[in-house]
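The values are calculated or read from the model by the stated rules, or taken from the named source; none is laboratory data. All values derive from a computational prediction rather than experimental measurement. Glycine gets a Cβ as well: all are built from the backbone with ideal geometry, and neighbour counts include every protein chain shown. We work out accessible area using only protein heavy atoms, side chains counted, and drop any ligands, DNA or RNA first. Shrake-Rupley method; radii C 1.70, N 1.55, O 1.52, S 1.80 Å.
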Amino acid sequence: MADMDGFREANNFGFGQTAQFDSFHVKGASNLPWGMKDRLSRIFNPKTGRVVMLAFDHGFIMGPTSGLERIDLNIVPLIQYADCIMCTRGILQSSVPANINKPVCLRSDAGTTILTELNRNVLIDVEDAIRFNASAMAVMFSAGDGEQEAITAANLVEAADLGNRYGIPVMGVTAVGKQMARDARYFALASRVCAENGASIVKTYYCEGFEKVAAACPVPIVIAGGKKLPEKEALELCYNAVNDGAVGVDMGRNVFQSENPAAMIQAVHAVVHDGLTPEQGYEMFQDLSK
Ligand code: 5RP
């Protein structure tokens, strides 16, 4: 016993001291295993707890949409300013250099395109997430869409089961059901269902009453940017979202369709991590665009 006390003293392990890893910087993740926490720490900055995820997975549904025609020219130069990238395995393998040293949120479901009514998505092989060293797997959940709800819920549950087996967190991507209102009630339900089914991150949309959506979701929420807005409005969206409880953004079109994507992602980063107001962020965007 005396020896043990000596050991504690020598190593500064006094009783009553709290080890610094007792409280983890990612909401709802304190009880997760080490590998999951390591991956989440690559995504969420341990200093701010926040993230700017650059989303360019749109092609698997939309094809070469505006701004995503050339990943090598339009997207790769932006990756340096993102904390994390979100894309499909096809784009990762074909177009993203393997030495970018950024965490990857791998789009892990695939299926029908915008040309088809019902999205019968399937999961990609989880071993691909391991092979690509993914820090998270992104899987859609479409609440309120009948058969599509059942298909996407099954995908989400399967991804969470496999993610738990291999230590890879799942990001639930809430899609907006065709009959559903884009309101806090719907997004709160969809976000909560993702978390209840095992998602460690939820991607949803900003809306009026968003603070209730964020508060009722036991894991971190990142917001999608949605359709292209004028830059200042997009920065307002980021600012309001983080102030109302989001931990960051998973943004695509408002970055890569901007008149200056590199300036825009840097301004978004400053709003999310450094607390710049939308006005300051827009000023930064304009300065960087000169
Ligand atoms: C598409 C997605 C997108 O990655 C997500 O919506 C973010 O992109 P944007 O900011 O353009 O909405 O998950 O399924």
Legend entry - Total residues in region 11-35, condition open to solvent by 70 Å² or more (accessible area, probe 1.4 Å) and either closer than 18 Å to K102 by Cα or at pLDDT 95 or above (or both): 4
Inset, instruction - Confirm whether Q266 is out of contact with any Pro (no Cβ under 6 Å at 6 or more places or on another chain), polar (S, T, N, Q), under 28 Å from L106 (Cβ atoms) and assigned to a helix (DSSP H, G or I). - result: yes
Inset, instruction - State yes or no: is M140 in contact with a Ser or Thr (Cβ under 7 Å, 6 or more places away or on another chain), open to solvent by less than 60 Å² (accessible area, probe 1.4 Å), within 14 Å of the ligand (Cβ to nearest atom) and of a type in the set (A, V, I, L, M)? - result: yes
Inset, instruction - All but one of (1) within 16 Å of the ligand (Cβ to nearest atom); (2) touching a Leu at 6+ places or on another chain (Cβ under 9 Å) hold for E233, so report the exception by its number. - result: (2)
Inset, instruction - Please enumerate the residues belonging to region 104-148 that are part of a helix (DSSP H, G or I) and among the polar types (S, T, N, Q). - result: Q148
Legend entry - Unmet requirement for A134, which otherwise passes all of (1) modelled with pLDDT of 95 or more; (2) surrounded by fewer than 17 Cβ atoms within 10 Å (Cβ to Cβ): (2)
Inset, instruction - Kindly indicate the residue of region 27-68 that is away from the ligand (no atom under 15 Å from the Cβ) and among the charged types (D, E, K, R) and also farthest from V202 (Cα to Cα) among those meeting that condition. - result: K47
Inset, instruction - Would you mind telling me which numbered condition in (1) of a type outside the set (V, I, T); (2) touching a Pro at 6+ places or on another chain (Cβ under 8 Å); (3) closer than 22 Å to V202 by Cα; (4) part of a helix (DSSP H, G or I) L78 fails? - result: (3)
Legend entry - Subset of region 60-85 [of a type in the set (S, T, N, Q) and open to solvent by less than 60 Å² (accessible area, probe 1.4 Å)]: T65, N74
Legend entry - Residue that is open to solvent by less than 40 Å² (accessible area, probe 1.4 Å), at negative phi and of a type in the set (D, E), where the choices are D38, D57: D57
